[in-house]
1. In whole Hz and in residue order, list the ³J(HN,Hα) couplings for region 13-18 that follow from phi through the Karplus curve 6.51 cos²θ - 1.76 cosθ + 1.60, θ = phi - 60°; x for Gly and Pro.
2. Peptides 62-68, 15-21: what's the order by average Cβ count within 10 Å, highest mean first?
3. Mind scanning K12/K129; K2/K217; K129/K204; K12/K217; K14/K204 and naming the pairs with a C-alpha gap bigger than 20 Å?
4. Given the Cα-Cα distance of A181 and E213 and 0.36 nm per residue of separation, how much length would full extension add, in nm?
5. Work through the residues other than I20 whose Cβ is under 12 Å from its Cβ and net out their charges, Lys, Arg +1 and Asp, Glu -1.
6. Rounded to a whole number of µm²/s, how large is the Stokes-Einstein D of region 2-244 at 20 °C and 1.002 mPa s, given Rh as the Kirkwood radius over C-alpha pairs?
7. I need R120, R11, R25 ordered by Cβ neighbour count within 10 Å, fewest first.
8. If I histogram all Cα-Cα distances within region 26-98 using bins 5 Å wide from 0, what percent of pairs lands in each bin?
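Values quoted throughout were computed directly from the atomic coordinates according to the rules given, and no laboratory measurement underlies them. All values derive from a computational prediction rather than experimental measurement. No Cβ is skipped: glycine too gets one built from the backbone with ideal geometry, and neighbour counts run over all protein chains shown.
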Amino acid sequence: MKSYSTTDVGRKRKINQDSIFASDRPVGNLPNLYIVADGMGGHNAGDFASRYAVNTVRESIAASEERNPVKLIDEAIQLANQGIISEAAQHEEMYGMGTTIVVTTVIGQYAYTANVGDSRGYLFDGELKQVTKDHSLVEEMVRLGELSEHDARLHPDKHIITRALGAAPEVDVDFFDYQLAPDNIILMCSDGLSNMVEDAEIQKIIGSSATLEEKAKILTGTANENGGTDNIAVVLIKPDADEVE
């Protein structure tokens, strides 16, 4: 397993509220673990929420005896959600904070991805395919046929999310599992990338002959060149060919 992860404050924000974790080595009963979280909230609350979520999920998975990856990740995300709500209740300046999260692990030929909010997981298999479904007001409108994909990118309410850690005592986590083939690449990112770079351009960059590190840096740089209005988080994962054959 090979991966490269990076996060950037962007060109408009002073604080980076995106947090990432990437381990190609085992974490608890998982053979690898990758996390992206995009926090929200005033002052440093969004920064705290995303870091808290990433650290709690990682620590929970490391300590758990559960072996089912879906149950393992769900329990960790629920724990992070409860902790964020508790911290917000104890600190007035953190009231209303929350975070999105997307988590992936690769086990044999299969990847398992969980998400809450609008941070995304993609699979590149020659074409870029969005695996996760955004929990956002605009995406709900697209699913109902009220808005086109093109118009959704330009909609003024595209930043309104309908599901996040910290919003309710229990959080509904979506899970996706998909089979991998040699040369597949998994992309995880915050909306600081997906809102600033068209999928066609992301596909072109990931499909290039550049290294994973170079691809991640080009993606981040392109988001900044296109305005960099938000923090940017990128995780690229490439399974070893012999692991997925």
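1. 9, 9, 10, 8, 9, 8
2. Numbers: 62-68: 12.4, 15-21: 22.3.
Going by the mean number of other Cβ atoms within 10 Å, highest first, we get 15-21, 62-68.
3. Values: K12/K129 29 Å; K2/K217 16 Å; K129/K204 13 Å; K12/K217 18 Å; K14/K204 30 Å.
Too far apart for the 20 Å limit: K12/K129; K14/K204.
4. Details: separation 32, 0.36 × 32 = 11.52 nm, distance 2.07 nm.
The span from A181 to E213 would gain 9.5 nm if fully extended.
5. Working: positive: R51, R58; negative: D8, D18, D38.
Counting the neighbours of I20, the net charge comes to -1.
6. Details: Rh = 17.9 Å.
The estimated diffusion coefficient comes to 120 µm²/s.
7. Numbers: R120 22, R11 14, R25 9.
Going from sparsest to densest Cβ surroundings: R25, R11, R120.
8. Cα pair-distance distribution for region 26-98, in percent: 3, 18, 27, 20, 14, 10, 6, 1.
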